[in-house]
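Before we start, here is the structure in question, set down as structure tokens.
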Amino acid sequence: MQMKESGTIEHRRLYPSPNPAVKLQEVTYWSDGFRVKGLFAEPIEEGEYEGIVYLRGGMQHIGMVRPSRMAQLASQGFIVFAPYYRGNRGGEGRDEFAGNDRMDAVYAVDILKQHPKVKVDRIHLFAFSRGGLMALWTAILRDDLTSVVTWAGVSDIIFTYKERKDMRRMMKRVIGGTPNNQAEAYRERNALDRIEEIDVPVLIIHGMLDEHVSFEQAKILEDALIAQSKKVETWYFSQFTHHIPPVHNRKIVQDLCKWMKEQG
């Protein structure tokens, strides 16, 4: 099959939705020569909606996009698109943990903009965990976004290697070594050196008891944005870990969606 331009949709199929008011659709799209998959969620009710690119956490099947989360966001009045990242769920290529696969997130904005119900001048990024790094790069590489929300987000991949001993084997395999013997490969994934290129408001959400992505990562990002005189807001929760209980989670999602709509 002939390779198509990045940001081109190759295939669509309906996907079972947990919410009768929300339609889900899985799409296959092109990203740097690879066919990558992702999930759309949209309110069934007609209208024009702001858009969210949801950038999942995890690696491969861990942290995969959940239909319930997608429907939850769409029910707040958004069209949502979440890339699975290359190499996942039948997508081509290899998940590189914020290497070249960051382009899957960059082109996801183009996919979202093609939706006929999306307000193309109102596109937000919402990232969780590993997705935080993907969101930072997307905000650096694009100039057509409205806001960024990073929740329990990774901001420094070298810091992640040092604090997550359980992830070191995976990171060495995917990145090609350690921060000591593959320093350039790690530096290329770190967005902090180019944080001055982010020109949209950033909301940082983090549980201060998080043991998966430490609270220090939120502070590192906050300090870097402040140092560059960027617009940044923080919602820190002293009682929560990486995963916030459902009742509080729902309230935070409502609040962050309201925050997005107030930006710009």
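Taking the Cα-to-Cβ direction at residue 48 and at residue 226 and moving 7 Å from each Cα, how far apart do the two end points lie in nm?
My value for the distance between the label points is 3.8 nm.
Just to be sure I understand: if I project the alpha-carbon convex hull of segment 1-96 onto a plane and average over all orientations, what area do I get in nm²?
On the way: hull surface 25.3 nm².
Seen from a random direction, the Cα hull of segment 1-96 projects 6.3 nm² on average.
What are the residues whose amide H is under 5 Å from the amide H of residue 49, where those residues sit 5 or more places off or on another chain and H is modelled from the backbone?
118, 119
Taking θ = phi - 60°, what integer Hz values does the Karplus form 6.51 cos²θ - 1.76 cosθ + 1.60 yield along segment 250-263, in sequence order, with x for Gly and Pro?
In residue order, the calculated couplings are 4, 5, 5, 4, 4, 5, 6, 5, 5, 4, 4, 5, 8, 7 Hz.
Which net charge results when you count Lys and Arg as +1 and Asp and Glu as -1 among the other residues whose beta-carbon is under 9 Å from that of residue 65? Intermediate results must be reported in sequence, preceding the final value.
Working: positive: 56, 66, 69, 89; negative: none.
Around residue 65, the surrounding residues sum to +4.
What nm value, rounded to one decimal, do you get for the distance between residue 262 and residue 199 when each label is placed 7 Å out toward the C-beta?
According to this spin-label approximation, the distance is 2.5 nm.
Taking a cut-off of 22 Å between Cα atoms, list the lysines near residue 251, but don't count ones fewer than 8 places away on the same chain.
Within the straight-line limit of under 22 Å, residue 251 reaches these lysines: 261.
Excluding residues on the same chain fewer than 8 positions from residue 219, give the aspartates and glutamates whose Cα lies under 18 Å from its Cα.
Once the sequence-local aspartates and glutamates are set aside, what remains near residue 219 is 156, 163, 193, 196, 210, 211, 233.
Computed from the coordinates by the stated procedures, all read-outs in this text should not be read as laboratory data. As the structure is a prediction and not an experimental result, all values here were calculated from the model. Positions of Cβ are backbone-derived with ideal geometry, glycine not excepted, and every protein chain shown enters the neighbour counts.
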